[in-house]
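Bear in mind that the values in this text are calculations on the coordinates, not laboratory data. These figures come from a predicted structure and were not determined experimentally. Counting neighbours? That spans all protein chains shown, and the Cβs are built from the backbone with ideal geometry, glycine included.
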Amino acid sequence: MIKDFSLIAIGGAGLYFGSDWFVNSAKDLAIYMGISERIVGITVVALGTSLPELVTSVVAAFKKETDMALGNLMGSNIFNILSILGITSLIAEIEVSEVIINSDMIWMMGITLLILPFMAINKTVDRYEGLILVGIYIYYTINVIS
């Protein structure tokens with residue numbers, strides 16, 4: 001029991017200091033390279049913070065535990081949007097730029113509406129649909145960067 005709590009404490013400390021280092025380094029890199037914080041957040045930070053979810057979902061998919069894979073992704077997105085945004089805005093007011101409202105929010109709503117028929121019609125997301133989703137992500141990322 002002591003070993004488990006020690007590992008949890010060490011992991012929590014590593015997560016705290018690692019995430020602080022990661023976000024500050026990404027911000028410094030953006031400033032140094034003249035890139036907007038939005039682009040770094042949408043690309044580098046989003047990818048870095050989503051890698052644990054990707055690994056968890058891939059492992060669950062290999063084990064044929066598809067509910068775990070989808071639950072991980074859905075739960076994470078719901079938690080990020082509602083809890084993270086909610087808790088952060090309790091601490092400090094969050095100013096939302098016009099670019100995020102007029103571009104990123106439209107993309108997010110469109111992709112959400114696209115996924116619905118994938119899941120509702122055949123009750124599956126197959127390789128072809130996965131390829132479409134990855135392709136859209138690549139297109140979106142290129143669109144944001146240029």
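See the values below:
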| read-out | value |
| --- | --- |
| Hits among aspartates and glutamates - C-alpha to C-alpha of Lys123 under 15 Å, sequence gap 8 or more where chains match | Glu65, Asp67 |
| Where trypsin sites (Lys or Arg not before Pro) in DSSP loops with at most 12 other Cβ within 10 Å are excluded, longest remaining stretch of the chain | 1-62 |
| Relative pair counts by distance (%), Cα atoms of the chain, 5 Å bins | 2, 7, 11, 18, 21, 17, 12, 8, 4, 1, 0 |
| Estimated FRET transfer efficiency when R0 is 35 angstrom, pair Val58-Ala92 (beta carbons, to 0.05) | 0.50 |
| Unit charges on C-beta of K, R, D, E only; dipole of the chain, Debye | 440 |
| Sequence-distant lysines (8 or more away, or on other chains) whose Cα lies within less than 29 Å of Lys3 | Lys63 |
| The chain, helix-only ellipticity at 222 nm - DSSP H runs n ≥ 4, -39,500 (n - 2.57), divided by all residues, nearest 500 | -24500 deg cm²/dmol |
| Lys/Arg +1, Asp/Glu -1 at C-beta; the chain dipole; positive extreme among Gly14, Ile87, Ile39 | Gly14 |
| Percent RCO, i.e. relative contact order, over the chain, from Cα pairs under 8 Å lying at least 6 residues apart | 15 |
| Footprinting exposure proxy for Glu98, Glu129 (fewest neighbouring C-beta atoms within 10 Å first) | Glu98, Glu129 |
| Gained length - Asp126 relative to Thr141, 0.36 nm times residue gap less alpha-carbon distance | 3.1 nm |
| Span from the region 67-146 Cα centroid across to the region 14-52 one, whole angstrom | 18 |
